[in-house]
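First the structure, in the form of structure tokens, and then the observations on it.
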Amino acid sequence: MKKIKSRLYPLLLSLMLLLSIPLTAHATGSGNIDSGGGSMGDGNSEDVWHRLDGVRITVVTTDGAVVSTPFDLSNANIPASIMNFGKVCKLQYAAGAGLSLSDTYAYSKPGTALPHIVSSNSVRASIDAIKRYFCSEYAAKLVAEKTGIAFDDLIGGSYKLLIEPVAYFTFGGVDYAMTAHEAAMYDIQSGGQLRRRMPSLTHKNLPLALFLETADLGYPAWTGPTTERVSSSDIIAALGMGIVSYADVPEEMLQAPDYTYRVDTDVITSIMLSTTDEINPDDPASVTFHIDGRDYTVDDIVIPENGSQVVWVKWHTPDTPTTIPITVTLDGGSTAKTSFIARVVSLEENLPPDPLATDTNPRFTIPSVPSNPLKLSASWSVWSARWHPFWEWESDWEWEDDDCDSSCPADCDGDHGHWEDNGEWVDHGWYDFTSTEYSASLSADMEIHPDDIVPTAQGDLMKSGYGIKEDVTARFHANAPSSHFTPVQTAVSYFPEFDYDSYWRLLVCDGGNPAHLYFKPNEYSTYGRNVHFTPVWYPDDAYTVYTYVIDAWTPSGMLSMNVTDSIQIRGSLYDDWYSKRE
């Protein structure tokens with residue numbers, strides 16, 4: 001049983017969830033959130049949690065009536081023969097349903113992986129990630145698809161989601177899937193065996209993974225200990241549940257985003273401005289973007305008759321996830337849309353757990369390397385106008401009387417003169433419009449190598465269990481001023497032992513161009529090395545790291561690139577261990 005993916009650009013709604021690690025929550029909507037849990041042991045070979053988790057989701061009405069068959073989600077590869085108690089939710093058990101053991105298990109892997117639900121010593125679940133996931137438009141659509149309830153009906157305010165944590169573990173040498181409520185009921189039936197043999201999982205981290213901060217659906221807010229073991233009766237009465245409510249959600253939160261950005265990032269928002277009449281320097285257009293309480297105005301826009309031009313603003317996103325309505329006002333020209341929704345998400349690092357020398361994975365097969373959306377180049381143009389003079393003489397003929405003088409005859413009546421052209425040169429010119437073409441492209445190279453302190457590495461050949469280092473060089477090429485673009489800011493690396501899914505590392509970016517990106521110091525490295533540890537059980541084969549390079553913004557969108565590199569694994573660090581005897 002192994003783990004899967006996490007890639008999400010969420011729509012925040014309102015949530016009532018708890019995560020078993022104390023973190024500050026940044027939520028939009030009516031969050032009902034607290035935290036608890038703690039460290040735990042891994043047990044022995046007969047009683048052990050494999051750090052695999054999931055959730056059970058049930059749609060209920062606002063008064064607690066169950067209206068869908070519960071279904072389970074997990075990122076892991078769970079055997080269909082794992083022992084379980086069927087698809088029964090906490091409300092149904094409370095109404096009298098009993099435990100009925102089954103050796104047939106069904107679940108689904110979501111297309112966008114779940115965040116970690118249950119924390120352990122080495123895996124820290126994120127309350128923000130859980131909230132974003134289950135309060136997202138993606139999750140709502142997934143539930144609508146699984147239950148057959150129309151999406152608009154599901155989010156209309158009449159329904160709620162009951163979410164229960166599920167753990168996959170071995171007890172007495174037998175593999176089980178259980179919710180916290182089921183584990184508590186089974187513990188009671190078995191005379192307290194679970195609490196005696198697996199207390200940190202079944203009676204602390206699993207039930208404390210999700211609970212209510214305020215009372216709902218007839219269940220109280222949990223006010224008991226959040227870092228200590230709890231009783232089976234407490235679990236049944238109040239723990240192991242979270243509730244997502246779709247009532248009173250702002251309309252903009254239900255809209256699909258027009259833009260998705262990362263937190264704390266330089267980004268570009270653009271529109272296409274068009275005109276049927278010439279917009280020239282005598283009366284230029286301007287566009288104002290209203291974003292997150294600030295106004296960004298682009299002035300002196302000129303466009304020829306029946307022309308168009310992209311107009312953009314570069315700005316910096318907040319450092320916490322949020323949804324930002326963006327509006328645009330125009331002075332001249334027209335655009336197809338003047339109101340947008342920008343979703344600012346956190347691509348939180350989901351660090352791999354502490355690699356242990358005792359880890360095994362006998363069912364592992366090397367997965368295919370993924371490929372994310374790819375955009376290596378972009379182009380755009382900007383109009384400018386220059387006056388083209390065309391001088392023409394405009395005549396203004398006027399009769400000028402001539403005065404009489406000595407040359408005039410004696411009988412001159414003074415009625416004589418001449419015509420004079422009092423005209424002027426007039427510039428009947430026009431504006432010549434010139435389109436300046438700009439372009440940008442992205443290229444990147446990635447290298448992974450054994451860490452410098454690996455004692456037995458030979459070039460890019462090394463034994464499993466040691467650390468690797470990574471260096472990505474991302475080059476952003478553009479023939480435009482810096483106000484037109486942002487170089488690469490983000491890169492995310494994924495690893496084969498996790499199916500390029502469940503865990504990932506955000507790389508440090510030096511902010512230059514070319515940008516150099518590399519691993520952060522590994523918290524499990526004795527020497528604080530910037531490495532990722534290969535699993536000791538990895539087979540003798542190529543070990544390939546996949547990295548997604550993103551957040552290189554242009555007026556024509558974000559550039560992105562997939563890069564990979566490999567080392568060869570042969571043997572394991574066990575081969576380097578020896579005992580010195582006197």
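The values are calculated or read from the model by the stated rules, or taken from the named source; none is laboratory data. None of these values were measured; they are calculated from a predicted model. A quick note on method: Cβ atoms are made from the backbone with ideal geometry, for glycine too, and the neighbour counts reach across all protein chains shown.
Look at region 513-541: where a residue is farther than 22 Å from Y574 by Cα and in contact (Cβ under 8 Å) with a residue 12 or more places away in the chain and a partner is assigned to a loop (DSSP other than H, G, I, E, B) and of a type in the set (S, T, N, Q), sitting 6+ places away or on another chain with Cβ atoms under 8 Å, you get A515/Q489; Y518/N530; F519/N530; K520/N530; N530/N522.
Looking at V369, V344 in this structure, which one is more than 30 Å from I279 (Cα to Cα) and either in the same structural domain as D292 (by TED's automatic domain parsing) or in a strand (DSSP E or B) (or both)? None of the others qualify; the one that does is V344. Between S200, S158, the distinction of being surrounded by 19 or more Cβ atoms within 10 Å (Cβ to Cβ) and touching a strand residue (DSSP E or B) at 6+ places or on another chain (Cβ under 9 Å) belongs to S200 only.
Considering the conditions (1) surrounded by fewer than 11 Cβ atoms within 10 Å (Cβ to Cβ); (2) outside the structural domain of M561 (by TED's automatic domain parsing); (3) assigned to a loop (DSSP other than H, G, I, E, B), D452 is excluded by exactly one of them, (2). A Cβ distance below 9 Å, combined with a sequence gap of six or more or placement on separate chains, defines the contacts here; from region 302-313, residues that are free of Cβ contacts under 8 Å to residues at least 40 places away in the same chain reach residues that are crowded, with 22+ Cβ neighbours inside 10 Å in the pairs E305/I279; S308/L273; S308/G333. If the condition is being part of a strand (DSSP E or B) and over 23 Å from the mean Cα position of the chain (by Cα), then region 476-516 contributes H477, A478. Taking the stated definitions as given, is D187 in a helix (DSSP H, G or I) and among the acidic types (D, E)? When the stated conditions are applied, D187 passes them. So, in region 82-102, how many residues would count as being assigned to a loop (DSSP other than H, G, I, E, B), more than 18 Å from A237 (Cβ to Cβ) and free of Cβ contacts under 8 Å to residues at least 60 places away in the same chain? Here the count works out to 4.
Residues in region 62-81 that are at pLDDT below 95 and of a type in the set (S, T, Y) were compared, and the one that is surrounded by the most Cβ atoms within 10 Å (Cβ to Cβ) is S74. Against the conditions (1) in a helix (DSSP H, G or I); (2) more than 19 Å from D63 (Cα to Cα), T112 satisfies every one except (1).
Within region 450-479, residues that are within 14 Å of F533 (Cα to Cα) sit with their Cβ atoms under 9 Å from residues that are basic (K, R) and in a loop (DSSP other than H, G, I, E, B), at 6+ positions apart or across chains, in these pairs: D451/R529; D452/R529; I453/R529; G467/R529; K469/R529. Given the structure, is V123 surrounded by 15 or more Cβ atoms within 10 Å (Cβ to Cβ), assigned by TED's automatic domain parsing to the domain that holds L239 and either modelled with pLDDT of 95 or more or more than 19 Å from Y168 (Cβ to Cβ) (or both)? No, not satisfied. Taking region 523-550 as the range and being more than 13 Å from V454 (Cβ to Cβ), buried (at least 21 other Cβ atoms within 10 Å of the Cβ) and within 25 Å of the chain's Cα centre (by Cα) as the test, the residues that pass are V545, Y546, T547, Y548, V549, I550. Being crowded, with 22+ Cβ neighbours inside 10 Å and either among the small types (G, A, S) or in the same structural domain as V59 (by TED's automatic domain parsing) (or both) holds for only one residue in I188, I163, and it is I163.
Counting only residues that are hydrophobic (A, V, I, L, M, F, W, C) and farther than 13 Å from M178 by Cα, which one in region 82-105 is surrounded by the most Cβ atoms within 10 Å (Cβ to Cβ)? Going through the qualifying residues, I end up with L91.
Against the test of being touching a residue at least 40 places away in the same chain (Cβ under 8 Å), buried (at least 17 other Cβ atoms within 10 Å of the Cβ) and farther than 20 Å from T486 by Cβ, the options T317, T335, T329, T323 yield a single qualifying residue, T323.
Residues satisfying the criterion are present in region 459-467 (criterion: surrounded by fewer than 16 Cβ atoms within 10 Å (Cβ to Cβ) and not assigned by TED's automatic domain parsing to the domain that holds A76).
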